[in-house]
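**Q** What follows is a single structure, and I will ask about it in a moment.
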Ligand code: MIC
Ligand code: SF4
């Protein structure tokens, strides 16, 4: 039987397990990268494991999220990251070099590799034919310490592309918005999306990367394209053709599911507030007055896209009531736009060109005003993520964004009568790498410097046999990690300080949560009750560590998002699912739930009887933990476990 691209890559990295959907597999990893907002914890955790040097072929530490530097916290974090990278053997990508995924695609990603990143949009690298997976910081730290990466083998979905995009106005962003429209934010859970079919050759590597980037919004484990001549040209233009290998599915490869998309039938699409799957054609809501437009982020920051945006803006002006913000994805793209005059066109049209960073995407500046409408070429529009709960955020392609900025209202660009020529993909990218610092050959003398905001990672005690805890919050479906642990300019600088950041857990849903949880902690701890797809979105492990710090012992939900579930286990919080989802209705905030014999049940059937002491009702939940996950949860999380295992690995 023929093999698909996913099977080929997994097979060449398989250390243990069987490549059967749902089965645990253990994999060799080629690259691990971190970004600053998750990376300070990841590197503190790496240090706590006690290994001297990273034990993967390539490790990179990026700084891109947290760059406002309004006080000592950010620059202290940056210095810690730079000194830790040098000490432990990782490349350091300095602030200003670009958003991790964009830079990694340009400078490091390789077809056929497996990579991990401490960010949910790591699958961006799938555009080049790499299996790239977002993980929590502790998972990344343990793999850097030499442990294999363990996961359950996902189902493989073929997205068969035919036809060609109606350029220039229909873009790669519309391909992924169409998938979100069809499948929703839960549609990809437990799956990898492999793209194939004759339409693939119509897409450049950065366009493919836009699609794999936002596959994260489907809840997918990752997404990947084949590696072909287009990939080779891109790598050659990046000055690293030697990293190219061909990678195609066999003609008789099999898939668990097949989805067809005719690129030629797509039209400009837009996701309405407050979810990336709330997608409609732009023409259905055109005329919507827009106050702010943001272009860039790790989703849509390539040179070609930015060049097209500049061509729309050339000789035109941003509408008087609109604020247009542009955050290019990398120093390479920025420099090229500056050299060819595109930057001048943007500035002349009235764009506010921001620093190269995540910026408004994660609420680090650029928040829209109260009741305002913001149209963004980004990937997430969860309520409040932009820095203002009272704003309405829409997502669309950079071209829809650019024409809307000029017109002042949402417009289907095909109706505007603007004619722009598609820029060619560059034959050579500028590669000065001036902000990319390789690890020193001799790290012995390097001192790791930690500012006063950098606190140790808290540890949890081993799992107790009896959980008797208060329901400290009950929430609905699709709760995001932005809901659990908000980001933004006020909270992001606290990422290296768990006691401080824990004061913001569930801040937008219930600002009283931390105090209530701490009170419950004194009486035995807390339980959070969720709905479907609990913990979707970001990889931030703070959404598990901070609740753990506040005494949360378990989360009971209808289903969990992959990365967040792993983070809960890594920090010793038991993720439980209702046997009968309707039992959820009979639980209220404030109820006391009692689960007996937890340690024994975990080793057996994993079905637990929960007694609601407040209503005298009973119901059942289960935990679906793999053998490894059981070991972690029993030990109180991955850190104590990793210390043990990595230690014996080093001495052994
Ligand atoms: C995001 O887009 O939500 C982030 C900020 O990049 C996160 C990582 C983080 O919270 O630091 C992600 O996507 O994983
Ligand atoms: Fe940064 Fe936004 Fe991309 Fe997350 S989604 S990595 S915040 S640009």
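**Q** Taking the Cα-to-Cβ direction at residue 509 and at residue 624 and moving 7 Å from each Cα, how far apart do the two end points lie in nm?
**A** Distance between label points: 1.9 nm.
**Q** Debye calculation, C-alpha points only, no solvent: report log10 I(q)/I(0) for segment 54-133 at q = 0.22 Å⁻¹, in the same order as the q values.
**A** -1.05
**Q** Pulled fully out, how much extra length does the chain show between residue 441 and residue 340, if you take 0.36 nm times their separation in residues and subtract their Cα-Cα distance?
**A** Between residue 441 and residue 340, full extension yields 32.6 nm more.
**Q** How much of the pair distance distribution for segment 543-619 lies past 19 Å, counting alpha-carbon pairs only, in percent?
**A** For segment 543-619, the fraction of Cα-Cα distances above 19 Å is 40 percent.
**Q** While we're on this one: Could you work out the relative contact order of segment 1-159, using alpha carbon pairs under 8 angstrom and six or more residues apart, expressed as a whole percent?
**A** Computed over segment 1-159, the figure is 32 percent.
**Q** Could you please rank 1, 422, 485, placing first whichever residue has the fewest other Cβ atoms within 10 Å of its Cβ?
**A** Result, fewest neighbours first: 1, 422, 485.
**Q** Give me the extension gain from residue 285 to residue 588: residue separation times 0.36 nm, minus the current Cα-Cα distance, reported in nm with one decimal.
**A** Answer, rounded to one decimal: 105.2 nm.
**Q** How high is the relative contact order of the chain, given as a whole-number percent (alpha carbon pairs under 8 Å, six or more residues apart)?
**A** Taking the mean separation of contacting Cα pairs over the length of the chain, I get 15 percent.
**Q** Under 8 Å for C-alpha pairs, at least 6 residues apart: give me the relative contact order for segment 497-651, rounded to a whole percent.
**A** Value for segment 497-651: 18 percent.
**Q** Among 26, 204, which comes first, second and so on when ranked by fewest other beta-carbon atoms within 10 Å?
**A** 26, 204
**Q** What's the FRET efficiency of residue 644 with residue 596 using the Cβ-Cβ distance as r and R₀ = 25 Å, to the nearest 0.05?
**A** With a Förster radius of 25 Å, E is 0.35.
**Q** Shape call for segment 443-519 from the C-alpha gyration tensor, a ≥ b ≥ c root eigenvalues: rounded (a/c under 1.5), prolate (a/b greater than b/c) or oblate?
**A** oblate
**Q** Describe numerically, in nm with one decimal, the distance between label points set 7 Å from Cα along Cα→Cβ at residue 240 and at residue 616.
**A** 6.7 nm
**Q** For segment 92-247, what size does the Cα cloud have along each of its three principal axes, sorted from largest down, in whole Å?
**A** Principal-axis extents of segment 92-247 (Cα, largest first): 46, 38, 30 Å.
**Q** Then there is this: Mind giving me the nanometre distance, one decimal, between the label points for residue 254 and residue 321, set 7 Å out from Cα along Cα→Cβ?
**A** 5.9 nm
**Q** Okay, helix-only estimate at 222 nm for the chain: each DSSP H run of n ≥ 4 adds -39500 (n - 2.57), divide by all residues, round to 500 deg cm²/dmol; what do you get?
**A** Calculated mean residue ellipticity at 222 nm is -8500 deg cm²/dmol.
**Q** On to the next question. What fraction of the DSSP beta bridges in the chain is antiparallel, stated in percent and rounded to the nearest 5?
**A** DSSP beta bridges in the chain are roughly 35 percent antiparallel.
**Q** Length gain on complete extension for the stretch residue 416 to residue 464, per 0.36 nm per residue less the alpha carbon to alpha carbon distance?
**A** 10.9 nm
**Q** Evaluate 2.2 N^0.38 Å with N set to the residue count of the chain, then give the Cα radius of gyration divided by it.
**A** Dividing the Cα radius of gyration by 2.2 N^0.38 Å gives 0.92.
**Q** Please figure out what share of the DSSP beta bridges in segment 167-281 is antiparallel and state it in percent, rounded to the nearest 5.
**A** 60 percent
**Q** Enumerate the residues in segment 559-594 having an amide nitrogen under 19 Å from the point lying 7 Å beyond the Cα of residue 16 toward its Cβ.
**A** 570
**Q** Further question: With just the Cα atoms defining each centre, how far is segment 329-387 from segment 440-465? Give it in Å.
**A** Answer, in whole Å: 34.
**Q** Tell me, what is the FRET efficiency for residue 519 and residue 71 to the nearest 0.05, using R0 = 22 angstrom and their Cβ-Cβ distance as r?
**A** So, using R0 = 22 Å, E works out to roughly 0.10.
Where a number appears in this text, it was derived from the coordinates with a stated rule and is not lab data. As the structure is a computational prediction, the values presented were derived from the model and not from experiment. Cβ coordinates were reconstructed from backbone atoms using ideal geometry, including for glycine residues, and neighbour counts include every protein chain displayed.
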